[in-house]
Amino acid sequence: MSGPFEITLVLDRLRSAHNTGNIFRLAEAVGAREIIACGYTPSPPHPKLAKTAMGTDRLVPCRSVESSLLAVELLRREGVRQVLAVECTDNSVPAWEFDYRFPLALVFGNEALGVAAETLAVCDGVVSLPMFGAKASINVGNAAAAVLYALIAKCKLSEKNGTTA
């Protein structure tokens, strides 16, 4: 499988097999290179994940790694040019404004805990979605969809205009 851009999704300690299955569907839809499940993130084969993934868990390559920090180190050795956390921080950049380099990895964190601090510290940057509500939180699968499609839209527009993403 290959999409328009080389993207790996790193899932850092996601609790819900349903959220993970949803992200498998999204990864397949955008042609992501692979998913790396870290910590206790459910990974195939898993019955609840499979139900939500609707077969995409058999189409998108997945490997499990002990921690997101180890996953980032592994991806760097494999030639990933940029690793970005998806997290709301004081230094995060809106997903549609970031200058992306490929191959790229995006790290999505646990909904309650976020991306592990040690992983956040070694990322090349942080992208986010602006939060305007009182709760300032959305589901990780919804966040992944919004960020991935914002990234793809920006890169496609940059290609069209002859600029870099």
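Computed extension gain for residue 129 through residue 149, at 0.36 nm per residue and net of the alpha carbon distance, reaches 6.0 nm. Between the C-alpha center of segment 1-60 and that of segment 92-165 there is a gap of 17 Å. Taking chymotrypsin sites (Phe, Trp or Tyr not before Pro) across segment 58-165, the ones in a DSSP loop with at most 10 further Cβ atoms lying within 10 angstrom of their Cβ are 132.
Computed extension gain for residue 63 through residue 113, at 0.36 nm per residue and net of the alpha carbon distance, reaches 15.8 nm. For the chain, the membrane-span-like helices by this rule, meaning whole DSSP H stretches whose C-alpha atoms cover at least 24 Å of axis and whose Kyte-Doolittle mean is 0.0 or above, are 140-161; this says nothing about an actual membrane.
Accessible surface for segment 48-121, divided over its residues, is 52 Å² per residue with a 1.4 Å probe.
Label segment 109-165 by shape, choosing from rounded, prolate and oblate, from the square roots a ≥ b ≥ c of the eigenvalues of the Cα gyration tensor; if a/c is under 1.5 it is rounded, and otherwise prolate applies when a/b is larger than b/c, oblate when it is not. Verdict is oblate for segment 109-165.
Highest GNM mean-square fluctuation among 89, 41, 119, for the chain modelled with Cα contacts below 10 Å: 89. Within the accessible area of the chain, the carbon and sulfur atoms contribute 53%, probe 1.4 Å, all protein chains present.
In order along segment 36-52, phi translates into HN-Hα couplings of 10, 8, 10, x, 8, 4, x, 9, x, x, 8, x, 5, 4, 4, 4, 6 Hz, rounded to whole numbers, per the Karplus curve 6.51 cos²θ - 1.76 cosθ + 1.60 with θ = phi - 60° and x for Gly and Pro. Other residues within the sphere of radius under 15 Å centred on the Cβ of residue 138, judged by their own Cβ, net out at -1 (K and R +1, D and E -1).
Using the alpha-carbon positions of the chain, Rg (one decimal) and Dmax (whole number) come out as 14.7, 45 Å. Distance between the pseudo-spin-label points of residue 101 and residue 70 (7 Å out from Cα toward the beta carbon): 2.7 nm.
The values are calculated or read from the model by the stated rules, or taken from the named source; none is laboratory data. Quick caveat, the model's predicted, so the values are computed rather than measured. Note that each Cβ is placed from the backbone with ideal geometry, even for glycine, and that neighbours are counted across all protein chains shown. Side chains are part of the model used for accessible areas, which takes the heavy atoms of the whole protein and leaves out ligands, DNA and RNA. Shrake-Rupley method; radii C 1.70, N 1.55, O 1.52, S 1.80 Å.
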